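The values are calculated or read from the model by the stated rules, or taken from the named source; none is laboratory data. Just so it is clear, the structure is predicted and the values come from calculations on it, not from any experiment. Please note: Cβ atoms are built from the backbone with ideal geometry, for glycine as well, and neighbour counts cover all protein chains shown.
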Amino acid sequence: MTIRVYVVDDSAVVRQTVAHLMQGDAEITVAGSSPNPLLAMPAIRKAPPDVLLLDIEMPGMDGLTFLRQLMQEQPIPTVICSTLSTQGSAIALEAMAAGAVAVVAKPRLGLKQFLEESRRELIGTLKAAARARPRKAAAPPARPQAAPVGAAGLHALSVNKPVVIGSSTGGTQAIEQVLLSLPADAPGIAIVQHMPEKFTAMYAKRLNDVTSVRVREARDGDRLERGSVLIAPGGRHLQLRKSAGQYHAHVFDGPPVNRHKPSVDVLFRSAVECAGRDVLAILLTGMGDDGARGMKALHDAGARTIAQDEASCVVFGMPKEAIKLGAASEVLPLDAVAGAILRFDARG
């Protein structure tokens, strides 16, 4: 079955180039295009496409407002195609929180050449997005209250067993849901979320602002303490290392692993070496297989491992691959993951 893509972008170059790129692939086609959301809405309502390729900054109605409205009326897998200036990155991140499944960065200059050179990646992203199952945004859970001072003090003295999490498509929303359900003294968490380079610092700040835990983009040497969450920087790998009983972040450059940088497998394999069975590994929604083999190594080392279930995934790719390898100790719905983290912590 041919995947039907609808393009909403005020750039005629983008609309024409995308249509040209699709001509060489029998599995995908441009079903229509519009220069702004106001013109696109009637066509999309009449014949919903399989995937929407959406710009952010457009006249009449911006892409973010359009996306939020669309996700409330008739959720459609949406890929954001936007310039990633500082302001554009922040808005595109809001779009991901609103339900977009992926982001493709486009430059302000050399746009046609960029799209042609990125043809394989763009088409692959659109095909993967077509398999996504976007949902209407759920009301966030109540922010947990901080633990009483005495209880927090006791936790601070307990063994710090780390939690490592990997995710991709749909993961920005999934991670936020998990962290919103954790108290301020939760175990230290290291996260690899596949995300463009300019996004991770803003994403970490957003999570830090809305959750009870302390979230930041990981820096080399950062200590993974109770109540702290370290997000792997876009374009860099993240490993855990242990020294004098404490876990630290090692952030470094290197070739992509499983086509990704940061890579979940890089984080998970480092956890095997420094934590062994004293770690909880979680694979959330995402396309591809990054993290599956690393989780299998953790499982074989005696660590507790969790894969998100198919019903609650936006894309059941990475968890599915881990399950196929026998790497998951448990398969849980997303709303049960935070509770599993706290039970892991309580066991000491």
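Among the residues of the range 212-267, the ones that are assigned to a loop (DSSP other than H, G, I, E, B), at pLDDT 95 or above and aliphatic (A, V, I, L, M) come to 4 in all. Is there a residue being within 20 Å of Gly124 (Cα to Cα) and either assigned by TED's automatic domain parsing to the domain that holds Glu116 or outside any helix (DSSP H, G or I) (or both) anywhere in the range 35-46? No; the residues of the range 35-46 include none that is within 20 Å of Gly124 (Cα to Cα) and either assigned by TED's automatic domain parsing to the domain that holds Glu116 or outside any helix (DSSP H, G or I) (or both). Within the range 25-35, one or more residues are buried (at least 20 other Cβ atoms within 10 Å of the Cβ), free of Cβ contacts under 8 Å to residues at least 60 places away in the same chain and closer than 16 Å to Phe66 by Cβ.
Taking the range 275-300 on its own, how many of its residues are in contact (Cβ under 8 Å) with a residue 40 or more places away in the chain and surrounded by fewer than 20 Cβ atoms within 10 Å (Cβ to Cβ)? Summing the residues that are in contact (Cβ under 8 Å) with a residue 40 or more places away in the chain and surrounded by fewer than 20 Cβ atoms within 10 Å (Cβ to Cβ) in the range 275-300 gives 2.
Filtered by the rule that a residue be in contact with a strand residue (DSSP E or B) (Cβ under 6 Å, 6 or more places away or on another chain), in a helix (DSSP H, G or I) and surrounded by fewer than 21 Cβ atoms within 10 Å (Cβ to Cβ), the range 301-333 gives Glu310, Ile323.
Answer yes or no: is there a residue in the range 57-64 that is farther than 20 Å from Ser89 by Cα, small (Gly, Ala, Ser) and out of contact with any Gly (no Cβ under 6 Å at 6 or more places or on another chain). Checked the range 57-64: at least one residue is farther than 20 Å from Ser89 by Cα, small (Gly, Ala, Ser) and out of contact with any Gly (no Cβ under 6 Å at 6 or more places or on another chain). Could you tell me whether the range 12-19 includes any residue that is more than 26 Å from the chain's Cα centre (by Cα), modelled with pLDDT under 95 and not in a helix (DSSP H, G or I)? No, every residue in the range 12-19 fails to be more than 26 Å from the chain's Cα centre (by Cα), modelled with pLDDT under 95 and not in a helix (DSSP H, G or I). Listed by first and then second residue, the pairs with beta-carbon distance under 7 Å, at least 6 apart or on different chains, first residue in the range 306-327 and assigned by TED's automatic domain parsing to the domain that holds Thr172 and touching a residue at least 24 places away in the same chain (Cβ under 8 Å), second among the basic types (Lys, Arg) and assigned to a loop (DSSP other than H, G, I, E, B), are Val314/Arg133; Val315/Arg131.
Where residues in the range 85-117 are surrounded by fewer than 23 Cβ atoms within 10 Å (Cβ to Cβ) and assigned to a loop (DSSP other than H, G, I, E, B), which of them is modelled with the lowest pLDDT? Taking the candidates together, the pick is Ser85.
Screening Val8 on (1) among the β-branched types (Val, Ile, Thr); (2) modelled with pLDDT of 95 or more; (3) surrounded by fewer than 21 Cβ atoms within 10 Å (Cβ to Cβ) shows it passes everything except condition (3). Does the range 278-295 contain any residue that is part of a helix (DSSP H, G or I), assigned by TED's automatic domain parsing to the domain that holds Pro196 and out of contact with any helix residue (DSSP H, G or I) (no Cβ under 8 Å at 6 or more places or on another chain)? For the range 278-295, residues part of a helix (DSSP H, G or I), assigned by TED's automatic domain parsing to the domain that holds Pro196 and out of contact with any helix residue (DSSP H, G or I) (no Cβ under 8 Å at 6 or more places or on another chain): absent.
Criterion applied to Leu93, Leu67 was being in contact (Cβ under 8 Å) with a residue 60 or more places away in the chain and not assigned by TED's automatic domain parsing to the domain that holds Glu197, and the one residue passing it is Leu93. Annotation note: Cβ proximity below 6 Å between a residue of the range 100-126 that is over 27 Å from Cys313 (Cα atoms) and a residue that is outside any helix (DSSP H, G or I) and not hydroxyl-bearing (Ser, Thr, Tyr) (sequence gap 6+ or interchain) occurs for Lys106/Cys81; Phe114/Pro107. The residue pairs whose first member lies in the range 173-196 and is under 15 Å from Ala340 (Cα atoms) and touching a residue at least 40 places away in the same chain (Cβ under 8 Å), whose second member is of a type in the set (Asp, Glu) and part of a helix (DSSP H, G or I), and whose beta carbons are closer than 6 Å, counting only pairs six or more residues apart or on different chains, are Pro187/Asp345. Looking only at the range 233-246, decide whether some residue is among the polar types (S, T, N, Q) and surrounded by fewer than 14 Cβ atoms within 10 Å (Cβ to Cβ). Yes, that holds for at least one residue. For Leu39, are the conditions met, namely being surrounded by 19 or more Cβ atoms within 10 Å (Cβ to Cβ) and without any contact (Cβ under 8 Å) to a residue 40 or more places away in the chain? Considered against the rule, which asks whether it is surrounded by 19 or more Cβ atoms within 10 Å (Cβ to Cβ) and without any contact (Cβ under 8 Å) to a residue 40 or more places away in the chain, Leu39 comes out as no.
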